[in-house]
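The values are calculated or read from the model by the stated rules, or taken from the named source; none is laboratory data. This structure is a prediction, so every number in the text was calculated from the model and none was measured. Cβ sites come from the backbone with ideal geometry, for glycine too, and all protein chains shown count toward neighbours.
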Amino acid sequence: MAIPLTPPPAEPRSPRRPLRTAIGAGLTALAAAGAVATAPGVALAQDTTFYDENTWVTDLIEAPAAWETSTGAGITVAVMDTGVADHPAFEGKDVQPGYSIFEGEADGRADADGHGTAVAAGILLAAPDATILPVRLGTGATDFGGAMGAAEYDAFRWAVDNGADVLVVPWGLIGNMSDEDLEVMQYVIDKGAVIVAGAGNDPSEDVAFPASAPGVVGVTGTDDTGEVWYESTTVGPEVDVAAPAFTMTVPNPASGSLGQDELYREIGGGTSMGSGITGGVLALIWAAHVDLDANNVIQRLIQTAGDGSGTVEEDSGYGLINADEAVNAEGIEPVDENPLGYPMGEAGASGASPDDPASDAEGAEGSGPEAATGGPSVSAEGNKESNLSGIIVVAAAVVLLGAGIAVWLVLRGRGRKEAAQAQQPGFNSGGEPPQGYQQAPPNPTYVPPGGQGYGGPPPGQQGYSSPPQGYNQPGGPAEPSPWRPSDPNQR
């Protein structure tokens, strides 16, 4: 069934938290050159190619039946990624200015890489009337330098303090997480929002953080039949649900300077897209049940996934998400706490609550880094602050399989600073756009949330690509996970 071009009438906005206009502020940045924006005044007619080409996704999660009740209107979903570019697929959609950690960038509406733009499209594929809040943490194939730091922490706090109901994190870290990493996730949850994150695209790796953290909805990927896509996704006991991650057509923020002029590209979706689609289903739930808190929105998602029995499997958690049942099912037992636990072990451990005023990371009225009231502002050429070592950063990335349909889009390049990282392993220091994925060196480094230009699979199986040699799909039924909702912190 094709996605309706004119969705059902929008529901009233949730009274829980007013949407505050997202104002960009610059804090820190790394790597890659160029940003793309549509020229002011250029009217973009909505192009339905994205929605028409991905009906297998919406049919698989039974979204059309859910749309009869909810289209996600009034729910704000933050995309914690590379920004969200203008595109005809977003015409008529509510995409806010957002936030950027790059000095000199007024908002999150730039994305030369395309990863954040693709994930935002995945959210809107599931929830056509959700509000998108771009939070630009990186520029693509070279980011983070091995860990989260002050700028990223501030960006997460800013998102929830500025109206985000759901935060989609389509990338991940592998290794021991710091107390600060856990505290910022706890802060978001204590403020009453839901975090959803991709588990990863490499079957040989552990589930990445934050997907691995208690309280965070960790998403693995399925193929186009709804079966776990063992060859190209990460599985493990920390996974909570599964979502479509197979080949999809996504908007491409084309840039003549990078030799990209296609309006769409075909990609091997990965758990990046799966996390976006799951974020959209969470928006559908919340728009239909505005009286629910975050705990019970998660409860509806997980208890209606799979066969609806609440059984947890080792590889796919509660199973494939089901938008129709998540929105419309009756008899879901309410919960008083997050059914997936808490990053710091208990509710309120961060000291925050939904009724608290915004943290110091909230942007003041106005735009640009001068308007930010909190957090360090650092040059895009500077190294990002990092407190961790021994961490390999892996992206729950969109792994691209080929080029899509070539059509027109009038774009202009908006010049951005080159973020040369000559001292950081794994970065291109010559200013040229990274080609595909970078081979990870022995030292900690970032592997992208989607390689620049959507290149082919990376060397050395980095970036959640195809499985290593000798990998076999597990045989027989999966063993039950050792944790249950009755003991949510035992993950």
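Okay, residues lined up against (1) over 16 Å from ALA199 (Cβ atoms); (2) assigned to a helix (DSSP H, G or I); (3) touching a Ser or Thr at 6+ places or on another chain (Cβ under 7 Å):
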residue	(1), (2), (3)
SER272	no, yes, no
SER275	no, yes, no
ALA283	yes, yes, no
LEU292	yes, no, no
ASP336	yes, no, no
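Return yes or no: is ASP324 surrounded by fewer than 22 Cβ atoms within 10 Å (Cβ to Cβ), within 25 Å of the chain's Cα centre (by Cα), within 29 Å of ALA65 (Cα to Cα) and modelled with pLDDT of 95 or more?
Yes; evaluated as a whole, the condition is true for this residue.
Filter segment 273-313 down to the residues that are hydroxyl-bearing (Ser, Thr, Tyr) and under 19 Å from GLU238 (Cβ atoms) and list them by number.
SER275, THR278, THR311
Restricting to segment 68-88, count the residues that are surrounded by fewer than 24 Cβ atoms within 10 Å (Cβ to Cβ) and not in a loop (DSSP other than H, G, I, E, B).
Of the residues in segment 68-88, 1 are surrounded by fewer than 24 Cβ atoms within 10 Å (Cβ to Cβ) and not in a loop (DSSP other than H, G, I, E, B).
For the subset of segment 112-147 comprising residues that are closer than 21 Å to THR48 by Cβ, of a type outside the set (A, V, I, L, M) and assigned to a loop (DSSP other than H, G, I, E, B), which member is modelled with the lowest pLDDT?
Filtering first and then ranking leaves GLY114.
So, THR304, is that one of a type in the set (Ser, Thr, Tyr) and touching a residue at least 60 places away in the same chain (Cβ under 8 Å) or not?
No.
Could you tell me which residue of segment 162-180 is nearest to VAL119 (Cα to Cα), considering only residues that are surrounded by fewer than 24 Cβ atoms within 10 Å (Cβ to Cβ) and touching a residue at least 12 places away in the same chain (Cβ under 8 Å)?
Only one residue fits best here, namely GLY163.
Within segment 65-87, can you find the residues that are of a type in the set (Asp, Glu) and over 19 Å from the mean Cα position of the chain (by Cα)?
GLU68 - this is the single residue of segment 65-87 that is of a type in the set (Asp, Glu) and over 19 Å from the mean Cα position of the chain (by Cα).
Among the numbered criteria (1) within 27 Å of ALA193 (Cα to Cα); (2) buried (at least 17 other Cβ atoms within 10 Å of the Cβ), which single criterion is violated by PRO64?
Result: PRO64 fails condition (2) only.
Please find, within segment 161-203, the residue that is nearest to ASN296 (Cα to Cα) out of those that are among the hydrophobic types (A, V, I, L, M, F, W, C) and part of a loop (DSSP other than H, G, I, E, B).
The selected residue is ALA193.
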